[in-house]
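In what follows, a single structure is set out as structure tokens and then discussed.
The values are calculated or read from the model by the stated rules, or taken from the named source; none is laboratory data. Keep in mind that this is a model prediction, so the values were computed, not measured. Glycine also receives a Cβ, built like all others from the backbone with ideal geometry; neighbour counts cover every protein chain displayed.
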Amino acid sequence: MCGIAGFIDKKNKLSKYKKCSIAKEMIKSINHRGKDGAGFFCDGPIALVHARLSILDLSKKADQPYHSEKKDIALTYNGEIYNYQKINKQLQNNFIFRSSGDTETLLRSYQSWGMNMLSRFKGMWAFGIYDKPKKLLRLAVDRFGIKPLYYIDTDDYFAFSSEIKAFFCLSNFEPKLEKKNLGEYYIYRSIASNQTLFKEVKKMLPGTLLDYDIRNKKAKIKQYYKIKKITLSKNNSNIKKELVKRINCSIKEHLVSDAPIGLQLSGGLDSSLIASLAVKIKKNNFHSFSIGIKRPGWNEFKYSRLVAKKLKTIHHEIYFTEEDFCSRLPKLTYQMDEPINHLHSVPMNILSECARKHVKVLLSGEGADELFFGYTRYKKLFGNGLSDKKIIQSSQFVDKKIVKKITNIDTELINLFRKKVVKNINNPYDKLFKLDTLTYLLPLLIRQDKMGMAANIENRVPFLDHEIAEFAYSVPLKNKLSKNNAKIILKESAKDFLPVSIINRKKVGFGLPQSDWLRHKNGLGAYLEFFMNPEFQKRDFLNYPAVKKIINDHLEKKSDHGQILWILIALEIWLQIFIDNKDYSNIWKEVKNI
């Protein structure tokens, strides 16, 4: 796990010294992602940048940017290729390997197979390859977007990075708000498609590659992976055995590391199953980590303790307070590059900081809810005649009517990408599967990456092995979902490994009492002063009287507007940091003194 970046000086105006200076500044901007090494590669108009968190081959031999003997092909890479040892055996007759990690595997694979190599990889990745003979810069992200990658294409630069803040090191690049995307953010808490809230900044979508031709200064994007259905046994018992086999295989691959690995353990089905199988495969004393607040009913320690005791892990329970949450918000917004759409991003970072004292890698259960229909909203949709409109609206956090009251931003165009995703798919549940893996899951993965990397720790997600995902996509609906039950096949598969109380417990998900906290004048509610105090009322896209009414109705408990108020706060903090250029370290202090 690392931080990567790079740029092309399109007008070839910069001296080599200036390019190297910009590369060094880019390293500083993403250095938190990897503190085990840093480097850059400059050649002609191009510069590649790398900040290393060493997981495989901890020696200097695997430092990046990594290049071929002739320096005609250079690579900056973030991620893990879990089957790299198997691929190395296929390549060993053609190359003398200089290192023992997966970075060289990627380089040698490219030399042998070009971008067709991607179909051979199992893992997570975002990388940039400079192919000097072909005059190409080639970018790619893994099949599900586990590793983020952003890019810009301006008059002066084509640039890419793991984090948007690296672009601020480029001269003539000024961060600006893309207002047309606000409507979608208000309703879904994130932006689908390749768009962001920054003008000119785009993100690579899952399973895509981008070729930038240095000669004609043009970029071409291609989708190299689309999930497909596979043939399954008609016997339920065989389906269950096959699923367990695939999950076991994935976890075994995810346990390959030269650095210590720990377990995120919420006490829910997904993380508990990952932990149970990991302990079974690798019989050592894993560290496991759970987090919550002390308020009754708002942590899951009862369940995580039960699992940790059964598995005999070295278990850590981490408590945090509302003050911890509020004080960290601005800094973590800076780390995210985007508004913190999911509240549990903050405790995830706190957990990662604690875990980093003991391990360098964490396994989590992320992705299982999307693959096996685990969310409560899926049960509500079951058997209700799913139209495209219902499917698309199922992941909304805020009703469009509320958004229209508080802002003048156009909300009519927000679903174009979502409509494109579900188009030409006949089965409504296949539509739901594809939509959520491409839209709802992606911001969860970005959050997982950035909150972990802010603490210099790697997060791995074994459920998002593409062979498990294709299996899940192919499993008949009756094995996944009913009106009263969700994740049916996963629960059945877990019976041999987990207590019944864990398998059959009600779906909770990590939540926080946001609606109550927003009523705390000295807590999260202090941030509402952004919209109540005339001094702060400067956003021309907000209807402040309407916002104030929503706030008052919430404070007086006439209505629960926790969702939209959180969205407004998260956006305002982001705007102050990235658009107003405010020091994030002062925001909470100033709010508390109001």
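Listed values, structure above:
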item: Leading residue by the ranking (nearest to Arg138 (Cα to Cα)) among those in region 111-123 that are assigned to a helix (DSSP H, G or I) and within 26 Å of the chain's Cα centre (by Cα); result: Met115
item: 1 or more residues at pLDDT 95 or above: qualifying strands (runs of 3 or more DSSP E) within region 1-93; result: 2-9, 46-52, 73-81
item: Within region 270-300, tally of residues that are buried (at least 16 other Cβ atoms within 10 Å of the Cβ), free of Cβ contacts under 8 Å to residues at least 40 places away in the same chain and either part of a helix (DSSP H, G or I) or in contact with a Cys (Cβ under 7 Å, 6 or more places away or on another chain) (or both); result: 1
item: When residues of region 29-44 are limited to those that are touching a residue at least 60 places away in the same chain (Cβ under 8 Å) and under 27 Å from Val361 (Cβ atoms), the one surrounded by the most Cβ atoms within 10 Å (Cβ to Cβ); result: Arg33
item: Residue within region 332-344 that is touching a helix residue (DSSP H, G or I) at 6+ places or on another chain (Cβ under 9 Å) and without any contact (Cβ under 8 Å) to a residue 40 or more places away in the chain present; result: no
item: Residue list for region 531-575, restricted to those being in contact with a helix residue (DSSP H, G or I) (Cβ under 6 Å, 6 or more places away or on another chain), of a type in the set (D, E, K, R) and exposed (fewer than 15 other Cβ atoms within 10 Å of the Cβ); result: Asp560
item: Residue, modelled with the lowest pLDDT, within region 301-350, restricted to residues that are assigned to a loop (DSSP other than H, G, I, E, B) and among the polar types (S, T, N, Q); result: Asn341
item: Some residue of region 224-234 being over 19 Å from the mean Cα position of the chain (by Cα) and within 30 Å of Ser100 (Cβ to Cβ); result: yes
item: Among the residues listed as Glu572, Glu529, the single one being over 26 Å from the mean Cα position of the chain (by Cα), in a helix (DSSP H, G or I) and in contact (Cβ under 8 Å) with a residue 40 or more places away in the chain; result: Glu529
item: Residue count for region 351-363, restricted to those that are of a type in the set (Gly, Ala, Ser) and either outside any helix (DSSP H, G or I) or more than 25 Å from Ile468 (Cβ to Cβ) (or both); result: 0
item: Residues of region 256-275 satisfying the condition of being under 30 Å from Lys60 (Cα atoms) and modelled with pLDDT under 95; result: Val256, Ser257, Asp258, Ala259, Pro260
item: Subset tally (residues that are assigned to a loop (DSSP other than H, G, I, E, B), of a type outside the set (Phe, Trp, Tyr) and closer than 20 Å to Phe127 by Cβ) for region 141-169; result: 9
item: In region 483-506, the residues that are assigned to a loop (DSSP other than H, G, I, E, B) and surrounded by 14 or more Cβ atoms within 10 Å (Cβ to Cβ); result: Lys487, Phe497, Leu498, Pro499, Arg505
item: Region 1-24 residues that are under 21 Å from Tyr77 (Cα atoms), paired with ones that are among the acidic types (Asp, Glu) (beta carbon under 6 Å, 6 or more apart); result: Met1/Glu458
item: Which listed residue is surrounded by 17 or more Cβ atoms within 10 Å (Cβ to Cβ) and in contact with a Pro (Cβ under 6 Å, 6 or more places away or on another chain), from Val422, Val359, Val398, Val346; result: Val359
item: Residue tally, condition modelled with pLDDT of 95 or more and either of a type in the set (Val, Ile, Thr) or touching a Cys at 6+ places or on another chain (Cβ under 7 Å) (or both), over region 544-594; result: 11
item: Unmet criterion (only one of (1) closer than 25 Å to Ala259 by Cα; (2) surrounded by 17 or more Cβ atoms within 10 Å (Cβ to Cβ)) for Asp156; result: (1)
item: Yes/no for Ser237 being part of a helix (DSSP H, G or I), in contact (Cβ under 8 Å) with a residue 12 or more places away in the chain, at negative phi and small (Gly, Ala, Ser); result: no
item: Unique match (being under 19 Å from the mean Cα position of the chain (by Cα), crowded, with 22+ Cβ neighbours inside 10 Å and outside any helix (DSSP H, G or I)) among Glu366, Glu370; result: Glu366
